[in-house]
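The values are calculated or read from the model by the stated rules, or taken from the named source; none is laboratory data. None of the values given here were measured: they were computed from a predicted structure. FYI the Cβ positions are ideal-geometry reconstructions off the backbone, even for glycines, and counts take in every protein chain you see. Surface accessibility is based on the protein's heavy atoms, side chains included, excluding ligands, DNA and RNA. Shrake-Rupley method; radii C 1.70, N 1.55, O 1.52, S 1.80 Å.
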Amino acid sequence: MRLTVIGTGYLGAVHAACMADSGHEVLGVDVDARKIARLAQGRAPFFEPGLQEMLTRNVESGRLRFTTSLREAAEFGQVHFVCVGTPQKENSQAADLRFVDAVVEGLAPYLRGPSLIVGKSTVPAGTTARLTVRVDALAPEGVDVEVAWNPEFLREGHAVEDTLRPDRIVAGVSSSRADAVLRDVYAPMLRAGVPYISTTPATAELVKVAANSFLATKISFINAMAEVCDAAGADVVTLAEALGHDTRIGRRFLAAGLGFGGGCLPKDIRAFMARAGELGVGDSVAFLHQVDQINGRQRHRTVDIARDMAGGDFTGRRIGVLGATFKPDSDDVRDSPALAVAAAIHRQGATVRLYDPQGIENARSVMPQLEYVHDATKACEGADLVLHLTEWPEFRRLDPAVLAASAAVPKILDARNTLDAALWRSAGWTVRALGRPTPPALPNQQAAAPVASAYSSDLG
Ligand code: UDX
């Protein structure tokens, strides 16, 4: 089939490459001419495992091309996937739909034959219905155009795998024709047994925000338990393991720590609250406000524990930071908890030296005031305190004995609860974590002071 994918960010670039790889003719579209030029040469505009190889392969075969022209897109494809961003509005919690609207309004007048516009971006319930009215007004007389919603559930860092082998495909359609077209688009996946749920556009729109709300709630639940564990002297990692054995609960998304960030979960739960309010059911999702607050609190807790470990004041302290991205296997620093903590500590007077395997360039562009280095050892050299803020696998493989020799003071805060604390302690490190008890200090070490209960307010 001839498909277009409009918007070539973390979602669209991967979708375009995967659709071409599964045999379709694909035209990727973006307003960013530099990004399009790069993609047209088969070069990935961001780091995502497996994407580069897939782009090269499909650009070389000619199945995947790129353009900045919506007119060319309209003339080329029968199915148009809308993959542009839906960020949070500046002065409200609601989603900003101006990019989605611009795509649909820019495309509709050029459509010539029967067309299906398929939204993949995360949008408030009711968006498909609203866009359908716009398209009906803008498409040429007699041209049959339908708008459908087919939300995307990919996780950054696993985007290629998630797109090729999704847990499910949700098709929000208003006609059997649209349903048949989507079944054709995804035929290889359906043959491989991927569940396909055909429903109304409103249900499809809601599935996505409900899924993200559930995941965010699960993370905030375990982080709330981490706060209780800190107060009770209990261990949240063991607690999560014990909960996770209950198959009704499950172990995934119970990793306590610095909390969630990124371009999706934080803004999606806020947009959901805003939309529910408009629909008159704000009370039904009011708990998401707590989820958001618990999440933000983990950043403050991390700064407070770090300050305590640094002797009560960051002024003049050298802090080594491991991690800038909002999660491992990504270069994305949007709403990154790691970067928020690093910036707060810097504002409070510390010299911050940061290393991240993939995120340095993006971090530097939004936080140029921090010092960036190109390996973990350098970040720890001469540090009064090391903070482990993003759980990249390579940080688990670090040799704590080697790092202890070069740090000024061997103290580390594991804000992701993934380092082997016993190993680090045996190499001479004082280790603290979120929601885990600190063992009694050895005679030559200082005992950990209790975490301040009033959280610092120096965080965005
Ligand atoms: C998320 C959804 O998982 C995906 O389905 C949706 O399409 C987009 O939003 P993503 O933003 O890529 O995907 O990241 P995800 O893996 O969900 O992690 C989100 C954040 O939660 C990260 O900051 C991660 O570090 C944090 N997290 C995740 C935890 O703090 N604890 C956990 O147990 C899991």
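What are the pairs, 6+ residues apart or on separate chains, where a residue within the stretch 309-320 that is of a type in the set (S, T, N, Q) has its Cβ under 9 Å from a residue that is part of a loop (DSSP other than H, G, I, E, B)? Qualifying pairs under 9 Å: THR315/GLN348; THR315/GLY349; THR315/ALA350. Among the helices (runs of 4 or more DSSP H) confined to the stretch 125-190, the ones with at least 1 residues that are more than 16 Å from the ligand (Cβ to nearest atom) and either aliphatic (A, V, I, L, M) or in contact (Cβ under 8 Å) with a residue 60 or more places away in the chain (or both) are located at 127-138, 176-185. Looking across the stretch 220-241, the residues that are open to solvent by 50 Å² or more (accessible area, probe 1.4 Å), of a type outside the set (A, V, I, L, M, F, W, C) and more than 17 Å from ARG299 (Cα to Cα) come down to GLY233, THR238, GLU241. Checking each residue in the stretch 191-223 for being in a helix (DSSP H, G or I) and more than 16 Å from the ligand (Cβ to nearest atom) picks out ARG191, PRO201, ALA202, THR203. Looking at (1) within 12 Å of the ligand (Cβ to nearest atom); (2) open to solvent by less than 40 Å² (accessible area, probe 1.4 Å); (3) assigned to a loop (DSSP other than H, G, I, E, B), which is the one condition that is false for PHE314? Result: PHE314 passes all but (1). Which residue out of VAL333, VAL341, VAL352 is within 15 Å of the ligand (Cβ to nearest atom) and more than 23 Å from LEU11 (Cβ to Cβ)? It is VAL341.
Based on what the data block shows, is GLY85 modelled with pLDDT of 95 or more and either outside the structural domain of GLN41 (by TED's automatic domain parsing) or more than 25 Å from the chain's Cα centre (by Cα) (or both)? So GLY85 does not fit the description; no. Taking the stretch 242-270 as the range and being open to solvent by less than 20 Å² (accessible area, probe 1.4 Å) and either in a helix (DSSP H, G or I) or closer than 17 Å to PRO124 by Cα (or both) as the test, the residues that pass are GLY244, GLY263, PRO266, ASP268, ILE269. Within the stretch 261-296, the residues that satisfy the criterion of being in contact with a Gly (Cβ under 8 Å, 6 or more places away or on another chain) and under 23 Å from VAL352 (Cβ atoms) are ASN295, GLY296. Being more than 13 Å from THR203 (Cα to Cα), open to solvent by less than 10 Å² (accessible area, probe 1.4 Å) and at pLDDT 95 or above holds for only one residue in VAL133, VAL143, VAL170, VAL147, and it is VAL147.
Note on the stretch 6-113: enclosed helices (runs of 4 or more DSSP H) holding 2 or more residues that are open to solvent by 30 Å² or more (accessible area, probe 1.4 Å) are 33-40, 51-61, 70-76, 98-107.
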